[in-house]
Structures are given as C-alpha cells and as structure tokens.
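One structure is given here, and the rest of the page talks about it.
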Amino acid sequence: MNNQKKSPEVSLHIPPQMWSQFRQCMQKYQRRNEEVIGFLFCKRHPVSKHKIRYFPKAWVVPSPDCYERQSMSGLVLKQPFHWYLLKSYLSQGLDVVHIHTHAGQGIPDFSSVDDRYESEYAKFISSSFQKKPRLISGVFDESLQQHQFRIWDRKGLSFQNIKCYQSWFEVPESGDLLNKADLMFARQKVFGETCQKQLSKLTVTLIGCGGLVQFLRNCWDV
C-alpha cells in the first residue's frame, strides 16, 4: 500500500498584459546567440488542499549592464544587483520565478547546469529569508514561445513540473473546446469551485443607462 502524500497541483498564471510586456522586454535585451533572464515575483494562492496557484505581483528583466557575463552557454548577474533585487521582493513574502532562455527553437530542456544552479538557488533563498520563499524556474526557447516550468522544494533536493498559463485561468489543452458559458465565467474560476457555486446562487440587478451593455462587454473580454 502506498501511503506517500500526493503533492498538490501547482500552476503559474501570468496576466496577458503583464506577459506581453515581460516578453517584449526579454526580447529587447536578448542579444544574438545569448541567453537572457527575467524574474517574476509571485503571491501564492491556495485554492484547496490539492491545488495551488501563483500570480505575479511584479516583474523585472535585467538590462545588459546588470550582467557580469552573458553568453549562449550561460550568464551571471552582478552580485550586488541580484541581492538587492531579491531583498526588495522576497522580504515581502513573495516567491520568485526565475525565467531564462536557451538557444534554438522547439521545447527546451533544463540542462545539468540548470539543475545544479537552481538546486543551490532554491536552498539559498529559503535559508536567507524569514518567510522561506519557493523557487519556480522556467526555460524558454530563444523565440520565447515554447517552455517548461518546475517548482523546487525549499531544500533544493527535488522539483515538480508545473503548468504555466499566460492567462488568469486554465486554458484547455489543444483540441478541447470551451462553450460560451465557460468563457463567460472563466475569470472567476481562479477563486475556486466553492466560490463559483456560491456565486451561481446569487441574483444581481443592474440599474443604469448602458450598464448591461458594459457588463456584457466585461464578461466577454477574456
């Protein structure tokens, strides 16, 4: 009999406008055949015992003058800048998402260098800040289209693969379809099934010229 505790399902949700700005900035500072990195600082939102979502509250993409070294084989940030960055956000109780690129197209893989560095990084930030932040890491191809994400434990000994959505809510897998009702209420699903059931029992009255039109526009703006 297997009594091993199942890890909760973890997902990262980056609002569309934030992702667009973040991606544009990464591309701006991406030199030919060189890696580039960016940081998202996230708030943890437990939906249930079995599901956790992370939502970015801030993001930073270092400019080229923030690096000690930047090449296609790796990069190193200047230590004073990196430490200032972590203290500014992790002391607030936020968790960090470390995103970097690899050369080439297609779905990238984490390298052995990534494994070793991120293991030490996860252990370092957990031991250096009172609220013991978690490390989520992401690797993209050079076009910032294909990706993989994972979350490390606080000891840097193991990680769990997670999904990342450029959306407030889960996007269906390729080939799946959302009906119109699902799209209308997709935004509020971020608060969990219990909240959705409570909202479905409410009755709302809208009063005011043009109020219904604006309400419907907001519902369909997903």
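The values are calculated or read from the model by the stated rules, or taken from the named source; none is laboratory data. For clarity, every value in this text was computed on a predicted model and none was experimentally measured. All Cβ positions, even for glycine, are placed from backbone atoms using ideal geometry, and neighbour counts span all protein chains on display.
See the values below:
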| item | result |
| --- | --- |
| Spans of strands (runs of 3 or more DSSP E) in segment 66-136 with at least 2 residues closer than 24 Å to residue 56 by Cα | 74-77, 95-101 |
| Filter result for residue 58 (touching a helix residue (DSSP H, G or I) at 6+ places or on another chain (Cβ under 7 Å), farther than 20 Å from residue 152 by Cβ and either part of a loop (DSSP other than H, G, I, E, B) or in contact (Cβ under 8 Å) with a residue 12 or more places away in the chain (or both)) | yes |
| Segment 11-41: number of residues that are part of a strand (DSSP E or B) and under 10 Å from the mean Cα position of the chain (by Cα) | 6 |
| Residue within segment 115-126 that is touching an Asp or Glu at 6+ places or on another chain (Cβ under 9 Å), touching a residue at least 60 places away in the same chain (Cβ under 8 Å) and of a type in the set (A, V, I, L, M, F, W, C) present | no |
| Failed condition for residue 78, given (1) without any contact (Cβ under 8 Å) to a residue 24 or more places away in the chain; (2) under 22 Å from residue 163 (Cα atoms) | (2) |
| Any hit, segment 99-122, residues being of a type in the set (D, E, K, R), in contact with a His (Cβ under 9 Å, 6 or more places away or on another chain) and at pLDDT 95 or above | yes |
| Lone unmet requirement of (1) out of contact with any Pro (no Cβ under 9 Å at 6 or more places or on another chain); (2) aliphatic (A, V, I, L, M); (3) modelled with pLDDT of 95 or more for residue 40 | (1) |
| Single residue of segment 51-66 satisfying the filter (aromatic (Phe, Trp, Tyr) and over 14 Å from residue 99 (Cα atoms)) that is surrounded by the fewest Cβ atoms within 10 Å (Cβ to Cβ) | 55 |
| Residue in segment 42-53 that is outside any strand (DSSP E or B), aliphatic (A, V, I, L, M) and more than 11 Å from the chain's Cα centre (by Cα) present | no |
